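The structure under discussion appears below in the form of structure tokens.
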Amino acid sequence: MTSQVSSPAEQADGAGGAIGEQRSAPQHDGAGKEIRRVDRVIIRFAGDSGDGMQLTGDRFTSETASFGNDLSTLPNFPAEIRAPAGTLPGVSSFQLHFADHDILTPGDAPNVLVAMNPAALKANIADVPRGAEIIINTDEFTKRPMAKVGYETSPLEDGSLDAYSIHQVPLTTLTVEALKDFGLTRKEAERSKNMFALGLLSWMYHRPTEGTESFLRQKFAKKPEIAEANVAAFRAGWNFGETTEDFAVSYEVAPATKAFPTGTYRNISGNLALSYGLITAARQADLPLYLGSYPITPASDILHELSKHKNFGVRTFQAEDEIAGIGAALGAAFGGALGVTTTSGPGVALKSETIGLAVSLELPLLIVDIQRGGPSTGLPTKTEQADLLQAMYGRNGEAPVPVVAPRTPADCFDAALDAARIALTYRTPVFLLSDGYLANGSEPWRIPDVADLPDLSVQFATGPNHELADGTEVFWPYKRDPQTLARPWAVPGTPGLEHRIGGIEKQDGTGNISYDPANHDHMVRTRQAKIDGIQVPDLEVDDPDGARTLVLGWGSTYGPITAAVRRLRATGSPVAQAHLRHLNPFPGNLGEVLKRYDKVVVPEMNLGQLATLIRAKYLVDAQSYNQVNGMPFKAEQLATVLKEAIND
Amino acid sequence: MTEVTDAPTLLSLVPKAEAKQSMKDFKSDQEVRWCPGCGDYAVLAAVQGFMPELGLARENIVFVSGIGCSSRFPYYMNTYGMHSIHGRAPAIATGLATSRRDLSVWVVTGDGDALSIGGNHLIHALRRNVNLKILLFNNRIYGLTKGQYSPTSELGKITKSTPMGSLDAPFNPVSLALGAEASFVARTVDSDRKHLTEVLRQAADHPGTALVEIYQNCNIFNDGAFDALKDKDQAEEAVIRLEHGQPIRFGAGLTKGVIRNERTGDLEAVEVTAENEARILVHDAHAASPTTAFALSRLADPHTLHRTPIGVFRDVQRPVYDTLMADQLETAVDQRGKGDLGTLLAGSDTWTVVG
């Protein structure tokens, strides 16, 4: 069977070598079945929105993480909670890439597709390379479900799947059969078929099972019979793999011991890492965390997560709308909290005026934008990075706001700390631009030692900071720190520092209302200078071969770009790579870096927003490569584009 | 819920002033820039005059406003203050009040700010019962933008933007607040300092959101809007003074009263007679149901303003959002202990890589 070894054209990443490369000669298990050791595997679970594919994927991911593989995931689901059953729009899938070495993406194409129904097969087959394995729930391949998605003849019989290695498994029937002693209705029993599939795949890839069993018992603690039924279905799936002739081979992917520095790891999604980053930032700053938010996909999970941690003193306020969400966060910031609002693009549009107020008030505030497809409602559950210019410029007047972007799910933790550092040090609102891919995707994360976390402590104003000509000591709310240009943060409750601030232009120093033309000019330039002067590290360039082409990215494209770069280098095409965390201000050396290369290619999941910024600022003829289909780039596609640019 | 017994202690969370205060202590060094003759001056003076009575530490008092003439108010108060953006003051103040229970937070807003652009925030603050005191200056006109009709302007109002008369029915702010589950709703008039101060006193004492509608004259764009309530000859007939526990009577010699029509259940103003005197409604601001308060808010004739009740319509105690939020934080610590960051970050599913 060649299904686990695909052609180089389907390579996702890894340092060269074909995907699924065999690590050693085949062995055999106790039952005499062959065990192959491979370097990496891409699995996609696909089914109806109600089939529990996300849960199945999450569990397989947890098993894989605890086994010690490197991994990367791509959940993909419709915006509808329950689209009509069995239809193409209702298909939900979860792709997982795991390896015995360091990987960067959820993989371009699956080696194994689990198709729970005809719609899942039809919606995903185009992504599956020939030779790959497809596990099909034959129970669902009856006339009506097939007709519903336009199969006139059964793909199981008409030869259209001949190029694949097909496992026909009556998943539903087997599950119901396995649970016949549980006293469940047929419908209840059928719902465990995803656990049967998980058990089967867990056998196929030698995953540990204890985690899933204890997870199920915990999840259904209040309904022990359902918990046990799911455990039984899970075990039945495992046993089915072990005993049936159809599955002659299982695979081992060894732990990725060399890929990881020493440490303790866990699997983490972007939204969870970002939530932990916010809690950590508040603790390191010794400030209470206050989240003002309004539910919006794909940001709501941060609201849910932070709401669980009230014992950290975290206040979460689900506001009446996006505007009130940021308003409350800003009010809390005025009172001395670390104020945060979380949203996605449409919410940012509504918050714009308040962000402008925060610029004018010069108070610390974090605006977390989990970008999704736009414009307007767009594609709520799909990813995009098209809010960069909105974050940069989407306000009236000259209202500069720093912009920070994480590059991987786990990096959302560090990016949140960095955004908080900037907000607190410079007394400014800061954009944290994540996206749907980072938010829902996951990867292993080296758990930081709390003692090593950065100190973000702030100093509130405590007394007068200015002496008038007559010797009177006064407090000036807009007298700046000469280094950072930050103004003092004087919180209510501090005697003697009573002051009024507002959105009207303020006199330099005193903060009193001022309509003076020269003062306004000075204040506009000062606010800009403060943001321009924010300390950010220089851009690091990875260029081992002295390349002439630079690929520059930002945000979640890091994984696919890096995978493409590795692939090109492995085939002897030198390319330099740099990835921006700070979009405003840019690193001080960016202009010099750009000028070093003959060619600069900027892949983005928008129509060229970063390219527009760097062309304007540095007069560099950067070439855009753009994709806005709601999905992350594929490494192969980027490698092809970069190769053309190099050879051009 | 322990809120009701807690309630009187809410103000005690705010530190007291160390020394006796005077009105002067609450005047900021900024020049007041309202039009000469504006009703806002009277309200400012009343508030500055009332603040020393509260005896709170000045640094623990915050005034938050939106946009409009009245929203310049914080600049003139020698407390902490924020002049924010149009309509959003209740949202901003909510964040401040819910994160800092040691502060006395006041919102100053107008009829356009609170009821038009900021309507959503106002009703949600009221329903949540956040510990805010909201002073809604109602002059029934847009002043700062120079005279367009507002959401409280009478139907058919001729203004620059409505040369043939406005087409939309006005809001009655007291009715709106009662419908939005407000726990404290009052109305007063800029020119009646004594009444205004008494209403402020009760509002300040109230745990939770207090909405005070202040009829305020804009002498430039809507002069005389409330003359019916101020004119010596008319006022006795027009104004119904609500006092908790007192029969609702008005008119010269208190010859008129409010009774409930037994057939419709609605309220109506009648001449008091020997037969109906026993049926004169006794005002109960603490009634659990807002029904009668709402009926009172509908008594006034929207055009002539005759039969306009002023005073506290409703003053009931119910759980305060800030308190509930703080209680949840405490409960979480009680149940799970103070959060430990290392434990949180590690989670339950980990593996170790050794070098």
task = Scan around B:Ile310 for amide H atoms under 5 Å from its own, H built in the peptide plane at 1.01 Å from N, and keep only partners 5 or more places away or cross-chain.
result = B:Ile240, B:Arg241, B:Leu242
DSSP bridge orientation in region A:266-452 - percent antiparallel, rounded to nearest 5 = 20
ask   = If contacts are Cα pairs under 8 angstrom and at least 6 residues apart, what is the relative contact order of chain B in percent?
value = 15
note = In degrees, nearest 10, the alpha-carbon axis of helix A:411-426 is tilted away from the dominant principal axis of the alpha carbons of chain A by 10
inquiry  = Please compute the contact order of chain A in relative form: average sequence separation of alpha-carbon pairs under 8 Å and at least six residues apart, divided by the residue count, as a percent.
reply    = 12
remark   = Where a ≥ b ≥ c are root eigenvalues of the Cα gyration tensor, a/c under 1.5 meaning rounded, otherwise prolate if a/b exceeds b/c and oblate otherwise, region A:149-266 counts as oblate
key: Debye, to nearest 20: dipole size of region B:11-235, +1 on Lys, Arg Cβ, -1 on Asp, Glu Cβ   = 360
message = Students sometimes get this wrong: rank B:Lys160, B:Lys133 by accessible area, probe 1.4 Å, all chains present, largest first.
response = B:Lys160, B:Lys133
message = Given the options A:Leu417, A:Trp476, A:Val491, identify the residue whose Cα lies farthest towards the positive end of the charge dipole of region A:410-502 (+1 on Cβ of Lys, Arg; -1 on Cβ of Asp, Glu).
response = A:Trp476
task = Between beta-carbons, use under 12 Å as the cut-off and find the net charge around A:Leu357, counting Lys and Arg +1, Asp and Glu -1.
result = +1
inquiry  = Checking the a/c ratio against 1.5 first, then a/b against b/c, what shape does the Cα gyration tensor give for region B:1-142?
reply    = oblate
ask   = Can you give the net charge of the other residues whose Cβ lies under 12 Å from the Cβ of B:Thr292, counting K and R as +1 and D and E as -1?
value = +1
request  = Express in % the proportion of alpha carbon pairs of chain A at distances exceeding 37 Å.
outcome  = 41
key: Protection proxy ranking, peptides A:325-331, A:335-341, A:265-271, A:507-513, average beta carbon neighbours within 10 Å, highest first   = A:325-331, A:335-341, A:265-271, A:507-513
message = Residue by residue through B:74-83, how many Cβ atoms from other chains fall within 10 Å of the Cβ on average?
response = 6
key: Mean-position separation - Cα centroids, region A:310-348 and region A:538-581, in angstrom   = 37
query = What relative contact order, as a whole-number percentage, does region A:461-522 give when Cα pairs under 8 Å and 6 or more residues apart are counted?
reply = 27
task = Please give the average number of partner chain Cβ atoms lying within 10 Å of the Cβ of each residue in B:332-340, rounded to a whole number.
result = 4
query = How far is the Cα center of region B:284-304 from the Cα center of region A:608-648, in Å?
reply = 66
ask   = Under a Cβ-Cβ cut-off of 10 Å, what is the net charge of the residues other than A:Leu88 that fall near it, where Lys and Arg count +1 and Asp and Glu count -1?
value = +2
ask   = What is the distance in Å between the Cα centres of region B:78-118 and region B:162-207?
value = 16
query = Among bridges DSSP assigns within chain A, what percent are antiparallel (round to 5)?
reply = 40
remark   = When A and B pair up, the total accessible heavy-atom area removed from solvent (1.4 Å probe), in Å² to nearest 100, is 5300
query = Peptide A:313-323: average number of partner chain Cβ atoms within 10 Å per residue?
reply = 5
message = Looking at chain B only, what percent of DSSP beta bridges run antiparallel? Nearest 5 please.
response = 35
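Given the pairs A:Lys382/B:Lys338; A:Lys506/B:Lys160; A:Lys122/A:Lys219; A:Lys258/A:Lys634; B:Lys160/B:Lys194; A:Lys506/B:Lys24, which span a C-alpha to C-alpha distance of over 29 angstrom in this model?
On the way: A:Lys382/B:Lys338 37 Å; A:Lys506/B:Lys160 31 Å; A:Lys122/A:Lys219 32 Å; A:Lys258/A:Lys634 25 Å; B:Lys160/B:Lys194 35 Å; A:Lys506/B:Lys24 25 Å.
Among A:Lys382/B:Lys338; A:Lys506/B:Lys160; A:Lys122/A:Lys219; A:Lys258/A:Lys634; B:Lys160/B:Lys194; A:Lys506/B:Lys24, the Cα-Cα distance tops 29 Å for A:Lys382/B:Lys338; A:Lys506/B:Lys160; A:Lys122/A:Lys219; B:Lys160/B:Lys194.
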Estimated dipole of chain A in Debye, rounded to 20 [Cβ of Lys and Arg +1, of Asp and Glu -1, Cα centre] = 520
task = Pick out, in residue order, every one of the GluC sites (Glu not before Pro) in region B:205-290 that is DSSP loop and has at most 11 other C-beta atoms within 10 Å; say none if there are none.
result = B:Glu262, B:Glu275
task = Mind running the shape call on region A:541-647? Use the C-alpha gyration tensor, a ≥ b ≥ c as the square roots of the eigenvalues: rounded below 1.5 for a/c, prolate if a/b tops b/c, oblate otherwise.
result = oblate
request  = Over the protein assembly as shown, with every protein chain in place, what whole percent of the accessible area is carbon and sulfur at 1.4 Å, could you tell me?
outcome  = 51
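The values are calculated or read from the model by the stated rules, or taken from the named source; none is laboratory data. This structure is a prediction, so every number in the text was calculated from the model and none was measured. Note: ideal-geometry Cβ built from the backbone for every residue, glycine included; neighbour counts use all protein chains shown. SASA here: full protein model, heavy atoms, side chains in, ligands and nucleic acids out. Shrake-Rupley method; radii C 1.70, N 1.55, O 1.52, S 1.80 Å.
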